[in-house]
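**Student:** Take this structure, written in structure tokens, and hold onto it; I'll ask about it next.
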Amino acid sequence: MDQYTLNLLIVGASFALYIGIAIWARAGSTAEFYAANRGVNPVMNGMATAADWMSAASFISMAGLIAGVGYANSTYLMGWTGGYVLLALLLAPYLRKFGKYTVPQFIGDRFYSQSARLVAVICLIIISVTYVIGQMTGAGVAFSRFLEVNVSTGLWIASAVVFVYAVLGGMKGITYTQVAQYIVLIIAYSIPAIFISLQLTGNPLPWLGLFSTHTESGLPLLQKLDQVVTDLGFNAYTAQGSMLNMFLFTLSLMIGTAGLPHVIIRFFTVPKVADARWSAGWALVFIALLYLTAPAVGAMARLNIIDTIFPNGPQEQAVEYEQRPDWMRNWETTGLLKFEDKNGDGRIQYYNDAAAGFTETATQRGWTGNELTINNDILVLANPEIAQLPGWVIGLIAAGGLAAALSTAAGLLLAISSAVSHDLVKDWLVPNISEKGELLVARISMAGAILVATLLGLNPPGFAAQTVALAFGLAAASIFPVLMMGIFSKRINSIGATLGMLVGLIVTCLYLFAYLGWFFIPGTNMLENVPANYLFGIPPTAFGPIGALLNFGTAYVVSMMTQAPPQHVQDLVESIRVPRGAGAATHH
């Protein structure tokens, strides 16, 4: 059986499973559509949360970014994992105790203001649409290779699949679909990693293989990788970057994680407050299975690619273009891997032509520029082909990548539709709308969000993980501060919270748009996206904490200058923080 047919069978079977589950678990009420009727087991919710969380950015793009840069991009791992700890400890149980369906609903009630709720809806939609762009980008990459279509066509196919099961099932259908998707994606991620770790180090556990000995050279794997990348003018794989930017970017991802609406609403689906904590704990366990493996996948993929291009080592001749392996031919058809023979020698020159210290060496070897461009988003998907693994493993990784992208896209689309139908229409514009009408509005708004995200995904502002990082920055600057202040401060009032969100959102959006284009439309940026133009050297992806600081500061100053919240609101804050049944402290 040829590889294309095998891919179709494996991917098709996984899609049939997802759509079948969505039909079986179709939402028949708003309670089922928004919160799965609050009946999800904590272990299953943890697994669904992990699938919701481990998006195309985690599955497809994160290891690629680590492979391309090395240690400096481990910030993605640290930020996303640390954010879940914050979410579990500081937000999830309190928001579940509040007992409503959506994040804007909590903000509207806590700050006794429809204006605050409306601003929260706007923040949620901007964050979620930006995040969905990253998912659609990743899904388009996977479809383009494994269904042998161009990226744009792959994007539209992904949109159609998400439309069917997300619009049909709501939170109830999405939850059980995401459990299945988690199982698919973790198997798909782990099996190739185990094979490749065995090939390179003889160790079947990739996270241990990363620190093991490279079998062929006898050197530690990371030392071998440092050696080959520096021989080609790249920075050492284990080298550190700017500590300030690493700190800000990690912090942005951490507090952004704790403020992501599509993750937070998962904790509204469990029966009890204690289950929210258990859900977060189980989610961390399930996430760790992939996140411990990702650095090994990135490092081993980078080494395999260089070995493919320079089979006798970087000091020797590169492979001839006509003798390139099949995996390169396959990915060239997608446009995500490109070759340009700049010196006309028929060989693939792959090196860092921007490194001033390597210019003399390149000239001596007759090289006139890097000739191979590899999109970081293809590395995980191409890994089984690069390592010459069996065809069924290649099909499995395709199904896993698509499961990761589609599971998160569905969660985000649900967050958007809930905000529009429940917070805008039901509780503001048309309070007397019927439950059937509200469900219809939710499904229509979800379809509209899919269309917008797909159109923007045709020209994304970066790789999947980079685009997602922008959404985290927006969440860090807008939603996270207002949730923290809403839970832990009785003094912050509606005016302060509303202005804080607006300042955090607007300043962060303006900073992103200045470098990445208005609404991420290519060619509309006011400044070139290069380090020399950054304010205090802070890149757009690391600006979230600055926006959050402005949000906190504005809310605090305005609240201190205006009237305190009503007593019943202060009592509400107290009741959220104190466990039920707790009595007053007694003297011993």
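The values are calculated or read from the model by the stated rules, or taken from the named source; none is laboratory data. None of the values given here were measured: they were computed from a predicted structure. Glycine also receives a Cβ, built like all others from the backbone with ideal geometry; neighbour counts cover every protein chain displayed. Surface areas here come from the heavy atoms of the whole protein model, side chains and all, with no ligands, DNA or RNA. Shrake-Rupley method; radii C 1.70, N 1.55, O 1.52, S 1.80 Å.
**Student:** At 0.36 nm per residue, and after removing the present C-alpha to C-alpha distance, how many nm does the segment from LEU535 to ALA16 gain when stretched out fully? If you can, show how the numbers build up before the last one.
**Tutor:** Values: separation 519, 0.36 × 519 = 186.84 nm, distance 4.88 nm.
Between LEU535 and ALA16, full extension yields an extra 182.0 nm.
**Student:** Would you rank ASP423, ASP109 by solvent-accessible area, highest first, keeping every protein chain in place and using a 1.4 Å probe?
**Tutor:** Numbers: ASP423 5, ASP109 60 Å².
Putting ASP423, ASP109 in descending order of accessible area: ASP109, ASP423.
**Student:** Using a Förster distance of 51 Å, how high is the FRET efficiency between LEU89 and PHE339, based on the Cβ-Cβ distance and rounded to 0.05? Provide the component values of the computation, followed by the final result.
**Tutor:** On the way: r = 49 Å, r/R0 = 0.97.
E(calc), rounded to 0.05, equals 0.55.
**Student:** What's the local net charge at GLN114, with K and R +1, D and E -1, over the other residues with C-beta under 12 Å away? Write down the numbers at each step before the final one.
**Tutor:** Numbers: positive: ARG117; negative: ASP109, ASP423, ASP427.
Here the count lands on -2.
**Student:** Throw me the Rg/Rh for segment 533-581, computed over C-alpha atoms with Kirkwood Rh, two decimals.
**Tutor:** Expressed as Rg/Rh, it is 1.24.
**Student:** Still on this structure, I have one more. From largest to smallest, what semi-axes in whole angstrom does segment 240-288 give when each is the square root of 5 times an eigenvalue of its alpha carbon gyration tensor?
**Tutor:** Over the Cα atoms of segment 240-288, the ellipsoid semi-axes are 29, 12, 7 Å.
**Student:** Ignoring everything except DSSP H segments at least 4 long, calculate the 222 nm mean residue ellipticity for the chain; use -39,500 (n - 2.57) per segment, divide by total residues, nearest 500. If you can, show how the numbers build up before the last one.
**Tutor:** Details: 24 runs with 376 residues, N = 588.
Here the helix-only value at 222 nm equals -21000 deg cm²/dmol.
**Student:** Over segment 473-580, with every protein chain in place, what whole percent of the accessible area is carbon and sulfur at 1.4 Å, could you tell me? Numbers along the way, then the final one.
**Tutor:** Values: 3420 of 4840 Å².
Reported share for carbon and sulfur atoms: 71 percent.
**Student:** Roughly to the nearest percent, how much of the accessible area of segment 401-454 is carbon and sulfur, given a 1.4 Å probe?
**Tutor:** On the way: 1240 of 1730 Å².
Here carbon and sulfur together make up 72 percent of the probe-accessible area.
**Student:** Please return the longest stretch of the chain lacking exposed loop sites, where GluC sites (Glu not before Pro) count only if DSSP places them in a loop and at most 16 other Cβ atoms lie within 10 Å.
**Tutor:** 341-527
**Student:** Now for a separate question. For THR153, what accessible area in Å² do you get when you roll a 1.4 Å probe over the heavy atoms of the protein chains, rounding to the nearest 10?
**Tutor:** THR153 exposes around 60 Å² with every protein chain in place.
**Student:** Another one. How large are Rg and Dmax for segment 292-398 when calculated on the C-alpha trace, in angstrom?
**Tutor:** 14.6, 45
**Student:** Just to check I understand the Karplus step: with θ = phi - 60° and J = 6.51 cos²θ - 1.76 cosθ + 1.60, what whole-Hz values come out for segment 324-334, glycine and proline as x?
**Tutor:** Each residue of segment 324-334 in turn: 4, x, 4, 4, 5, 4, 5, 7, 4, 5, 7 Hz.
**Student:** Quick one: work out Rg over Rh on the C-alpha atoms of the chain, Rh as Kirkwood radius.
**Tutor:** On the way: Rg = 24.4 Å, Rh = 24.6 Å.
Expressed as Rg/Rh, it is 0.99.
**Student:** Take each uninterrupted DSSP H stretch in the chain, measure its Cα extent along the helix axis, and return the ones at 24 Å or beyond whose mean Kyte-Doolittle hydropathy is at least -0.5.
**Tutor:** Result, helices passing both filters: 3-24, 114-146, 151-201, 273-291, 391-418, 435-457, 464-488, 494-516, 544-561.
**Student:** Just to be sure I understand the curve: with the Debye formula and one point per C-alpha of segment 142-265, what is log10 I(q)/I(0) at q = 0.12 Å⁻¹?
**Tutor:** Computed log10 I(q)/I(0) values: -0.87.
**Student:** Compute the Rg/Rh shape ratio of segment 122-213: radius of gyration over Kirkwood radius, all on alpha-carbon atoms.
**Tutor:** 1.10
**Student:** Using Stokes-Einstein with the Kirkwood hydrodynamic radius over Cα pairs, what translational diffusion coefficient do you get for segment 266-332 at 20 °C and a viscosity of 1.002 mPa s, in µm²/s rounded to a whole number?
**Tutor:** It comes out at roughly 135 µm²/s.
**Student:** A follow-up question, please. Take the alpha-carbon positions of segment 453-574, form their convex hull, and give its projected area averaged over all directions (one quarter of the hull surface) in nm².
**Tutor:** Answer in nm², one decimal: 8.7.
**Student:** Between the alpha-carbon centers of segment 100-159 and segment 299-334, tell me the distance in whole angstrom.
**Tutor:** Cα centres, segment 100-159 to segment 299-334: 36 Å.
**Student:** For segment 266-301, which trypsin sites (Lys or Arg not before Pro) pass both filters: DSSP loop (anything but H, G, I, E, B) and at most 14 other C-beta atoms within 10 Å?
**Tutor:** Sparse-neighbourhood loop trypsin sites (Lys or Arg not before Pro): LYS272.
**Student:** Could you list the square roots of 5 times each eigenvalue of the Cα gyration tensor of segment 54-109, that is, the equivalent ellipsoid semi-axes, sorted largest first and rounded to whole Å?
**Tutor:** 32, 12, 8
**Student:** Next question, about the same structure. Where the eigenvalues come from the Cα gyration tensor of segment 54-178, what are the semi-axes √(5λ) of the equivalent ellipsoid, largest first, in whole Å? Please report the intermediate quantities before stating the final value.
**Tutor:** On the way: eigenvalues 189, 94, 38 Å².
Working from the Cα gyration tensor, I get semi-axes of 31, 22, 14 Å.
**Student:** What nm value, rounded to one decimal, do you get for the distance between ASP307 and PHE247 when each label is placed 7 Å out toward the C-beta?
**Tutor:** So the label points at ASP307 and PHE247 sit 3.9 nm apart.
**Student:** Non-local amide H neighbours of ARG347 (under 5 Å, H modeled in plane, Pro and chain starts lacking H): which ones?
**Tutor:** Close amide H contacts, sequence-distant or interchain: TYR321.
**Student:** Just to check, using Stokes-Einstein with a Kirkwood Rh over alpha carbon pairs, what's the diffusion coefficient of segment 170-238 at 10 °C and 1.306 mPa s in µm²/s?
**Tutor:** 112 µm²/s
**Student:** Averaged per residue, what accessible surface does the chain expose to a 1.4 Å probe, in Å²?
**Tutor:** 37 Å²
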